[in-house]
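Visitor: I am attaching a structure below and will ask some questions about it afterwards.
The values are calculated or read from the model by the stated rules, or taken from the named source; none is laboratory data. Since this is a predicted model, take the numbers as computed values, not measurements. Neighbour counts are summed over all protein chains in view; Cβ atoms, including those assigned to glycine, are modelled from backbone coordinates with ideal geometry.
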Amino acid sequence: MSDAPKPELERIKEESRYLRGSIKEELSNDESNFARDTTQILKFHGAYQQDDRDVRTARRKEGKPPLFSVMVRSKIPGGRMSAEQYLVHDQLSEQFSGAALRVTTRQGLQFHGVLKKNVKAVIHGINEKLGTTLGACGDNVRNVMACPAPSVDRVKLNVYEYAKAVSDQFLARTRAYHEIWLNGEPVKDFESAGSDVEPIYGKSYLPRKFKFALAFPEDNCVDVYTHDVGMIPDVDGSRLKGFNILVGGGLGMSHGAKDTFPRLADPFCFIVPDELADLTKAIVSVQRDYGDRTSRKHARMKYLIHDRGLEWFRAEVRKRYGKELPPPRAISWKGCDVHLGWHEQGDGRWYFGVSVENGRIRNEGSYRLKSGLREIVKRFQIPVHLTAAQDVLLCNLRTEQKKELEGLLKTYGIKEPGTLSNIQTYSMACPALPTCGLAITESERALPSLIDELEAALKNLGLEKETITTRMTGCPNGCARPYSSEIGLVGRKVGTYNIYLGGSFDGTRLNQVFAEDVPQKAVAGKLISVFKLFKERRKPGERFGDFCHRLGIQHVQTLVGM
Ligand code: SRM
Ligand code: SF4
């Protein structure tokens, strides 16, 4: 063991007494913000201290402190919520978070702008309806993603249960969450209980966040290759044969730091269903013990696998798992579905996918999405599923309710998916400014006008029917998964973006840098020049991302005169 001082965050985690820190004490003081060390522990509870960046500089000049608030994130495995759970999020957001809710790219729901004094009421309220925020942020297993399409197919339902089981298995065991937010009795003897408190994580939890997703080979809607661990069921008729397991995906990087990069997961092994729990435990424990705790930028499991090699990783997992790891089987992807509009569930009932621009559920003028969803869920008492594309599925509707639902959508000014352009339907952006402390540029507030420009240009070129994935982020961390889309737009410096092209529609190939440091106003022009090229030179039926990849990014640059 090295005697070198521990990096600050590792020390804070270790000394937090299993995620207690000073949260409880600070909740009852009069400060408008939590202390710095406390904010790190707060993340494990699903709460993130932020300040309004729109007013940060002005307040500093006036000698005022930042305008603090807290972002609270619900962890919703597979994005599946009951009507009651959806409605309590809606009600809590009306009461405590400036009314809007935001569907995340990992099928979660976020409240922005919650005042410190109200955080407990929000977390408590979510838990009262059997939801949780535990582990939504922080160095632990994050929300487990799974295809949100409701299905009565027994195998598919069964497969969702596996995703839920993985999520439950990796929930932190500490009683701190209950003590702080749910008025649970304080536990006095957790120190003597030692590692029993957290049998998987231990005192220091993981070196970094850890992400799981489950995708059916016919539909990679959860972007499974971008995860630390991907689980892909192999189904033979009505029998679940097992899971292909992928390891080592992740997207975050830093500009100018060549040793940070997005990486797609590698096929790792094939296991029968009963072995999923033991195998995933073994994988997480290798990352827990060998992941780089000295550098946050190098701490994800993708770097462990990249640096030491897949064979080293396999041997280490095998040691802990105690059995051979059969090789992965071939997977043939069939596509990627946004699940919008009407779909039959298989039991005579229907689900309807509503497109939500950049995940923001709000009311604005005659567009009253928030009120409309509330009315629909209240009236029909139906489950709500959240998608990885930040959209909402209204489930379990009976045939005779279809007309009524369509009427309600009209009343509340909610456009039906078929009336939206494809470029908008397949786009997403991260929140960035003003809430995200790491944002370099705008994202959610900048994408809509760019999409308007691209929409008009595609229409002029007769390309409006193309489905092209476009994803924007305000920094290189990759929260809207820009590197696995056909067009990726990533904040570079204030007011400029890097443009990435050539990813595949189904998320099985990363894109590459096409242009760097492009001023916001020039982004549309650059893309439109490539659309023109695409129109002239594409092969019949070829998708935009595949076209750019086939030509090669350098060749595309030359052809558009760069
Ligand atoms: Fe993210 C940090 C928002 C999905 C990679 N992400 C953040 C923070 C918490 C900023 C911070 O640390 O101060 C952002 C809060 C902004 C705000 O105001 O809400 C934030 N990330 C989001 C969400 C809300 C974006 C969205 O448009 O929905 C997503 C929440 C998902 C959820 O429900 O759990 C979100 N973040 C992602 C994804 C996509 C995914 O997981 O499928 C990624 C890329 C995949 C990956 O993890 O590699 C992602 N977020 C990051 C990173 C870079 C991690 C890395 O390995 O380098 C950071 C920065 C960090 O962790 O230090 C980050
Ligand atoms: Fe913030 Fe960057 Fe994530 Fe966008 S990608 S939410 S700017 S951390």
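Visitor: Somewhere in the stretch 331-342, is a residue in contact with a Gly (Cβ under 9 Å, 6 or more places away or on another chain), assigned to a helix (DSSP H, G or I) and modelled with pLDDT of 95 or more?
Guide: Within the stretch 331-342, none of the residues are in contact with a Gly (Cβ under 9 Å, 6 or more places away or on another chain), assigned to a helix (DSSP H, G or I) and modelled with pLDDT of 95 or more.
Visitor: Of L101, L109, L67, L87, which residue is among the hydrophobic types (A, V, I, L, M, F, W, C) and within 18 Å of K164 (Cα to Cα)?
Guide: L109
Visitor: When you look at G248, is it touching a Lys or Arg at 6+ places or on another chain (Cβ under 6 Å), in contact (Cβ under 8 Å) with a residue 40 or more places away in the chain and either more than 16 Å from ligand 1 (Cβ to nearest atom) or not hydrophobic (A, V, I, L, M, F, W, C) (or both), yes or no?
Guide: Spelling it out, G248 is indeed touching a Lys or Arg at 6+ places or on another chain (Cβ under 6 Å), in contact (Cβ under 8 Å) with a residue 40 or more places away in the chain and either more than 16 Å from ligand 1 (Cβ to nearest atom) or not hydrophobic (A, V, I, L, M, F, W, C) (or both).
Visitor: I've got another one for you. Quick one: which residue in V103, V114, V119, V70 is closer than 30 Å to G230 by Cβ, in contact with a strand residue (DSSP E or B) (Cβ under 8 Å, 6 or more places away or on another chain) and of a type in the set (A, V, I, L, M, F, W, C)?
Guide: The match here is V103.
Visitor: Counting residues that are more than 12 Å from ligand 1 (Cβ to nearest atom) and touching a Ser or Thr at 6+ places or on another chain (Cβ under 6 Å), which helices (runs of 4 or more DSSP H) fully inside the stretch 358-477 reach at least 3?
Guide: Those helices (runs of 4 or more DSSP H) do not exist here; none qualify.
Visitor: Okay, moving on. Picking from G78, G135, which residue would you name as being surrounded by fewer than 24 Cβ atoms within 10 Å (Cβ to Cβ), in contact with a strand residue (DSSP E or B) (Cβ under 7 Å, 6 or more places away or on another chain) and outside any strand (DSSP E or B)?
Guide: From the options G78, G135, the qualifying one is G78.
Visitor: So K493 passes all but one of these: (1) in a helix (DSSP H, G or I); (2) within 15 Å of ligand 2 (Cβ to nearest atom). Which condition number does it fail?
Guide: Answer for K493: the failing condition is (1).
Visitor: Right, next: Among the candidates S449, S427, S485, which residue alone is touching a helix residue (DSSP H, G or I) at 6+ places or on another chain (Cβ under 6 Å), of a type outside the set (K, R), modelled with pLDDT of 95 or more and on the phi < 0 side of the Ramachandran plot?
Guide: Going through S449, S427, S485 in turn, just one is touching a helix residue (DSSP H, G or I) at 6+ places or on another chain (Cβ under 6 Å), of a type outside the set (K, R), modelled with pLDDT of 95 or more and on the phi < 0 side of the Ramachandran plot: S427.
Visitor: Mind checking which residues of the stretch 98-118 are farther than 28 Å from A146 by Cβ and either away from ligand 1 (no atom under 13 Å from the Cβ) or assigned to a loop (DSSP other than H, G, I, E, B) (or both)?
Guide: Matches in the stretch 98-118: G98, A99, L115, K116, K117, N118.
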